[in-house]
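Heads up: the structure comes next, in structure tokens.
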Amino acid sequence: MPTPLVSNIDLRQISPAKRHAMVFRRFADMQPGQTLELTNDHDPLTLSAQLEVRSPGQFSWEYLEAGPQVWRVAIAKRA
């Protein structure tokens, strides 16, 4: 069964200083089994590491597209 998509955030449209905080808020509001899709202009690997520190083991991270111009990532909240 596909995981329900919560929303898609195009981080390219958001000020860099506000990007990570927005993702952390959205993730905190998600229910287990829901997915957040991010679109970015660079690899959001730092975001993945920060999310792991904040929410260890509580999410999966799947690259849907990996550059060089656009990166898309699906972040699913685990139970």
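What follows is calculated from the coordinates using simple rules that are stated; it is not laboratory data. What you see is a predicted model, and the numbers here were worked out from it, not measured in a lab. Every residue, glycine among them, receives a Cβ derived from its backbone with ideal geometry; neighbour counts consider all protein chains shown.
Taking the DSSP bridge list for the chain and keeping only pairs wholly inside it, about 70 percent are antiparallel.
Placing dummy labels 7 Å off each Cα toward the beta-carbon, the span from Ala28 to Asp10 is 2.7 nm.
Which of the three applies to region 34-79, rounded, prolate or oblate, going by the alpha-carbon gyration tensor with a ≥ b ≥ c and a/c under 1.5 meaning rounded? Oblate. Close amide H pairs (under 5 Å, H built 1.01 Å from N) link Ile9 with Glu37, Leu38, Thr39, residues at least 5 positions away or on another chain.
Applying the criteria of a DSSP loop state and at most 11 other Cβ atoms within 10 Å to the trypsin sites (Lys or Arg not before Pro) of the chain yields Arg78. In this simple spin-label model, placing a label point 7 Å from the Cα along the Cα-to-Cβ direction at both Ala66 and Asp41 gives a separation of 2.3 nm. Principal-axis analysis of the Cα atoms of the chain puts helix 16-29 at an angle of about 10° to the longest axis. Short-range pairs are left out: with C-alpha atoms under 8 Å and at least six residues apart, the relative contact order of region 5-77 is 36 percent. How large is the helix-only mean residue ellipticity at 222 nm for the chain, computed as the sum of -39500 (n - 2.57) over DSSP H runs with n ≥ 4, divided by its residue count, in deg cm²/dmol to the nearest 500? -9500 deg cm²/dmol, from helical runs alone. Taking Cα atoms only, the orientation of helix 45-54 departs from the longest principal axis of the chain by about 30 degrees. Here are a few candidate values for percent of Cα pairs over 16 Å apart: (1) 42; (2) 71; (3) 46. Which one was actually calculated from the structure I just gave you? Comparing each candidate, only (3) matches the computed number.
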